[in-house]
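Read-outs: derived from the displayed coordinates by stated rules, not from any lab. Fair warning: this is a prediction, and the values are worked out from it, not measured in the lab. Positions of Cβ are generated from backbone atoms using ideal geometry, with glycine treated the same way; all protein chains shown enter the neighbour counts.
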Amino acid sequence: MLAQNGIPTPEDLAGVLPPEERLARGPVAIAECFQNIPCDPCYHSCKQGAIKEFTDINQRPQVDFEKCNGCGSCMSRCPGLAIFVVDATYSDSEALVKIPYEFLPIPEAGETVTAINRAGREVGEARVIRVQNTRAQDRTAIVWLAVPKDLMMEVRHFKVKGVR
Amino acid sequence: MKHTEIAIVGGGPAGLAAALNAAKLGARVHLIDRNDYLGGQLIKQTHRFFGSKEQRASERGIDIARELANQVTASKNIQVMTEATALGYYEDGVLLVEQHKKIFAIKPERLIIATGGAEKTLLFPNNDLPGVYGAGAVQTLVNVFGVKPGKRVLMVGAGNIGVIVSYQLLQAGVEVAAIIEAAPRIGAYWVHASKVVRAGVPIYTRHTIQRAHGHREVTGATVVQLDENWQPVPGTEKEFDVDVICLSVGLTPLTELLWQAGCRMVFVPELGGNVPLRNEHLETSVPGIYVAGDVAGIEEASAAMMEGALAGLNAAASLGYTTESLGLDRRNILAQLEGLRSGPVGEKIRKGLAQALL
């Protein structure tokens with residue numbers, strides 16, 4: 001359980017995941033933020049107005065999946081690195097998972113990395129499609145991973161090969 | 001003897017905000033810090049802060065420190081004394097400060113104490129071996145000096161500091177074997193915890209360190225599970241091969257000057273130990289002495305900055321300085337502080353503060 005081991009349960013996740021039907025229409029943000037803490041940068045970062053305004057700073061983010069276009073602007077503003085973008089339409093067999101990443105080395109497009117789940121366990125391999133690391137992101141890179149579709153709700157981290 | 005309108009002891013987030021806000025109203029300020037830089041603990045906070053936009057959420061502590069320190073240095077009303085240690089405060093209202101082996105007597109009309117906190121430690125066999133560190137020291141080594149404290153770390157304490165320092169160790173290329181926490185729940189914000197767990201660091205709640213191993217330095221640690229009465233469960237011992245044991249078991253306010261000044265103090269566990277009683281203006285029981293930040297109760301840097309701003313405004317206002325927006329500015333900061341403390345994670349602070357009001 002999250003409060004005991006830092007790993008969100010399937011029940012935790014069920015409350016924040018977009019419906020299948022929305023996933024089938026392209027990239028969308030998933031805010032894996034399960035605790036009422038005083039924090040609201042995600043709301044201010046969203047140009048689509050897809051994160052509901054906070055009436056109390058301790059509220060959890062509520063993503064309007066219809067307004068969200070999966071741009072990922074919120075990802076590098078979240079102090080908890082808790083927002084991910086998933087694009088289930090990437091190809092017939094693969095989905096894209098965009099991951100906020102603050103470790104070195106930052107991988108390069110084309111590289112194969114080890115895909116990791118929320119518990120820190122290796123679940124397979126992923127291909128780096130693109131790396132966004134602009135000045136506006138302020139040292140939180142966003143790494144686009146292509147993963148087998150059945151892993152798109154599992155993969156939330158990765159390890160660069162040959163680096164511990 | 002130097003005379004000044006406001007002396008501020010401590011150049012961390014609270015002291016910097018106090019100096020800027022007092023100077024903004026026109027007060028002449030001496031800002032005293034024992035380090036050779038300003039910013040206090042902010043200078044090692046490489047992670048993004050929580051909070052609201054007005055409280056600079058999502059910015060990194062290191063950047064906030066730089067910006068506030070630049071503003072302070074540029075202010076004509078603020079005289080900065082670094083490498084200067086406040087040694088004592090005496091009945092006649094004189095603050096003694098040692099700087100570069102010289103003693104200065106400063107007589108301020110108002111005094112703001114923003115000395116922050118000190119780390120607590122933990123008793124266990126061999127806790128005096130080299131390799132047993134406080135989390136603050138580890139963070140200084142890694143984030144200020146670029147020095148790895150060792151190869152493999154056992155982190156004791158899953159509060160925000162323990163979890164954040166673990167993350168920063170990983171960023172520095174140091175392995176973290178595990179984070180252990182005696183309490184039944186993770187104290188850190190869960191998003192921080194999830195971040196280190198997916199990076200491969202397990203968190204064991206209801207676990208404590210039984211002993212450190214090693215002769216000349218740490219070579220390992222024994223960890224044991226605790227039952228519901230916080231007693232070790234025999235047979236649950238786990239061995240960790242680590243060369244660093246990092247203690248992140250809480251902070252306590254650094255209140256020596258307040259005791260010496262005769263401020264009425266109260267023991268409030270929720271605020272980290274003995275804290276000064278204060279009124280809503282952050283003034284202590286000794287008129288003219290204000291407090292802000294961790295010295296008034298262990299909290300977050302964003303709260304320290306807001307308390308500092310309030311103490312700075314209030315101290316300057318008590319000297320007659322004012323602006324048209326003073327009332328509004330104060331109310332805004334108070335409303336932000338209240339928002340920050342209003343949620344479930346602020347419950348402990350609210351409970352603590354309720355016991356510390358004059």
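Remarks
- Relative to the longest principal axis of the Cα atoms of chain B, helix B:61-74 runs at roughly 20 degrees.
- Under 20 Å from the B:R331 label point (7 Å along Cα→beta-carbon), backbone N, the stretch B:299-320: B:306-307, B:309-315, B:317-318
- When you restrict to C-alpha pairs under 8 Å that are six or more residues apart and normalise by the size of the stretch B:63-182, the relative contact order lands at 13 percent.
- Positive-end extreme of charge dipole, chain B - chosen from B:L258, B:M306, B:Y133 (charges on Cβ): B:M306
- Dipole check for the stretch B:1-155: with +1 at the C-beta of Lys and Arg, -1 at the C-beta of Asp and Glu, and the Cα centre as origin, the magnitude is about 460 Debye.
- For chain B, relative contact order (Cα pairs under 8 Å, six or more residues apart, normalised by length) works out to 20 percent.
- With the simple model of a label 7 Å out from the Cα in the direction of the Cβ, B:K107 to A:E66 spans 7.2 nm.
- Directionally averaged projected area (convex hull, Cα atoms, the stretch B:121-247), nm²: 7.2
- Sites excluded, trypsin sites (Lys or Arg not before Pro) in DSSP loops with at most 16 other C-beta within 10 Å, longest stretch of chain B: B:265-358
- The stretch A:22-164, dipole about Cα centre (Lys/Arg Cβ +1, Asp/Glu Cβ -1), debye to the nearest 20: 180
- Cα gyration tensor shape of the stretch A:2-160, rounded if a/c is under 1.5, else prolate or oblate by comparing a/b with b/c: rounded
- DSSP bridge analysis restricted to the protein assembly as shown gives an antiparallel fraction near 65%, rounded to the nearest 5.
- Counted by Cβ distance under 14 Å from A:T140, the other residues give a net charge of +3, where Lys and Arg count +1 and Asp and Glu count -1.
- Since only B:L123, B:V97, B:H30 are under comparison, the one whose Cα sits farthest along the positive direction of the charge dipole of the stretch B:1-143, derived from C-beta charges on Lys, Arg, Asp and Glu, is B:H30.
- The angle between the Cα long axis of helix B:326-341 and the longest principal axis of the Cα atoms of chain B comes to about 10 degrees, rounded to the nearest 10.
- Cα pair count fraction exceeding 44 Å, expressed as % - the protein assembly as shown: 19
- FRET efficiency, A:E108 to A:K149 (Cβ-Cβ, R0 25 Å, nearest 0.05): 0.55
- Note that chain B carries a Kirkwood radius of 21.2 Å, evaluated over its alpha carbons pair by pair.
- Under the convention that each Lys and Arg Cβ holds +1 and each Asp and Glu Cβ holds -1, the size of the dipole of the stretch B:287-347 around its Cα centre is about 180 debye.
- Inter-centroid distance (Cα atoms) of the stretch B:184-255 relative to the stretch A:107-164, Å: 29
- Only one residue of B:V142, B:I78, A:V131 has its Cα farthest out toward the positive end of the dipole of the protein assembly as shown, where Lys and Arg carry +1 and Asp and Glu -1 on Cβ, and that residue is B:I78.
- At R0 = 41 Å, FRET efficiency that the Cβ-Cβ distance of B:D92 and B:A118 yields, to 0.05: 0.90
- Packing-based order for B:126-138, A:134-146, B:300-312, using average beta carbon neighbours within 10 Å, highest first: B:300-312, B:126-138, A:134-146
- Cβ-defined net charge surrounding B:E67, 13 Å radius [Lys, Arg +1; Asp, Glu -1]: +1
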